[in-house]
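Asker: Take a look at the following structure, please.
Each reported figure results from applying straightforward, stated rules to the coordinates on display, with no laboratory input. Because the structure is predicted, anything quoted here is derived from the model rather than measured. Neighbour counts are summed over all protein chains in view; Cβ atoms, including those assigned to glycine, are modelled from backbone coordinates with ideal geometry.
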Amino acid sequence: MRAAPSEVLVIADGQIQFGSFLMGEGTPIHGRQLTGWDDLPDIDDASVTMPASHGAWPGWLLAGPRVLTFDFLVDDGRGPAGLPEVLDGLRRATALRQEETPLLVQLAGARRLTWGRITRRALPADRKYTWGNPAGSIEWTCADPRRYEVDEQVARTGLPTAEPGLDWHEADPPPGAEWDLDWGGSATPGAVTVDNNGDADTYPVLVVTGPVIRPAITNQATGATLEYDLTLAATDRLVIDTRAGTVTLNDTAPRLDDATARSTPEQAFTLPPAASLLSFRAEEFNDAGALTVLWRSAWW
């Protein structure tokens, strides 16, 4: 699961946090406009025009990267005296980097998280720059166009265990209708419900811990199944990152090739909006094998 900021600094509408740098309301980097945040990203439409009829055959609609532009005005109340310090912090935070950085935005009471890279920074050296109140703009490109909740959600379940059933105490039955019946304990269903409260499919991270033989996870909402021809010991940990499409044993060994013939491609195993019931199964059931699901609700 991709990391959120180590410390959330956003506390009010109109604030933007990029890494550990805060901009917008209540900061020297006053926001004037943020474009691209609530817009749909550019769409790749794979529809095919009908050659001898009106219309087209509907194809897949795939979203491209989300591009955000933030127009701002620098003013820390000190005029030219405070400009070098503010601009130094801005330049450092918006320097060119290859890796994506957490980007947190709060607008209209909704706080959302995405990850992006700086792809443009404009800071014209005009008269406003000279007098200590320059205006500029920043552009981020977010490879994943979805916007996520900040807090990561976690749910767990074990393998199914049968209900013990009735115990009639046949070795020493009491007389008549006053037999001491033990109605048994509760069964463990081997399933867990996860809620995606957004409006876009989201990618979970699935962690299977042993002991377990041939673990399988099925999303009852979509029918997608992930199954691996593996035997995990009690100390083993299998991590399935569905967005990255990776399967890793004990954080080191790739195990993507151990997927069985009935297994769905990892990147096709998503949680649609609303609730999904995930079932956890194996070749043999026990009380120790477990499934942990980590996810964030997602919005377009």
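Asker: Taking only C-alpha pairs under 8 Å that are 6+ residues apart, what is the relative contact order of the chain in percent?
Answerer: Relative CO of the chain lands at 18 percent.
Asker: Pick from Y228, Y203, Y129 the residue whose mean-square fluctuation is largest in a GNM of the chain, springs joining Cα atoms under 10 Å.
Answerer: So, out of Y228, Y203, Y129, the one fluctuating most is Y129.
Asker: Report the Cα centroid-to-centroid distance between segment 53-121 and segment 187-265 in angstrom, as an integer.
Answerer: Taking the Cα centre of segment 187-265 as reference, the centre of segment 53-121 is 33 Å away.
Asker: From the phi of every residue in segment 108-116, what ³J(HN,Hα) in whole Hz does the Karplus formula 6.51 cos²θ - 1.76 cosθ + 1.60 yield, where θ is phi - 60° and glycine or proline is x?
Answerer: So the Karplus estimates, Gly and Pro as x, are 6, x, 9, 9, 10, 10, 9, 10, x Hz.
Asker: Amide H of T246 versus every other amide H placed in the peptide plane: which residues, excluding those fewer than 5 positions away on the same chain, fall under 5 Å?
Answerer: Long-range HN contacts for T246: D241.
Asker: Whole-Hz ³J(HN,Hα) for each residue in segment 6-12, computed from phi via Karplus 6.51 cos²θ - 1.76 cosθ + 1.60 with θ = phi - 60°, x for glycine and proline: what do you get?
Answerer: 4, 9, 7, 9, 5, 10, 8
Asker: How high is the relative contact order of segment 15-148, in percent, with contacts defined as C-alpha pairs under 8 Å that are six or more residues apart?
Answerer: Value for segment 15-148: 27 percent.
Asker: For segment 186-300, state the average projected area of the convex hull of the C-alpha atoms over all orientations, rounded to one decimal in nm².
Answerer: 7.1
Asker: To test your reading of the geometry: what angle, between 0 and 90 degrees and rounded to tens, separates the Cα axis of helix 83-93 from the longest principal axis of the chain?
Answerer: Tilt relative to the chain: about 40 degrees.
Asker: Further question on the same structure: At a Förster distance of 22 Å, what's the computed FRET efficiency of L40 paired with W60, Cβ-Cβ distance as r, to 0.05?
Answerer: The computed FRET efficiency comes out at 0.90.
Asker: Using θ = phi - 60° and the Karplus form 6.51 cos²θ - 1.76 cosθ + 1.60, what ³J(HN,Hα) does each residue of segment 136-153 get, whole Hz, x for Gly and Pro?
Answerer: Once rounded to whole Hz, the list reads x, 8, 10, 10, 10, 10, 9, 4, 8, x, 6, 10, 10, 5, 6, 7, 6, 9.
Asker: Still on this model: Would you work out the Kirkwood radius for segment 15-148? I mean one over the mean of 1/r across all pairs of different Cα atoms, in Å.
Answerer: 16.7
Asker: Determine which residues of segment 117-157 fall in the zone a paramagnetic label at R97 would reach in this model, i.e. backbone nitrogen under 12 Å from the point 7 Å along Cα→Cβ.
Answerer: From segment 117-157, the list is 117-118.
Asker: Would you kindly work out the equivalent ellipsoid of the chain from its C-alpha gyration tensor and give its semi-axes, the square roots of five times the eigenvalues, largest first in whole Å?
Answerer: Value: 51, 25, 18 Å, ordered largest first.
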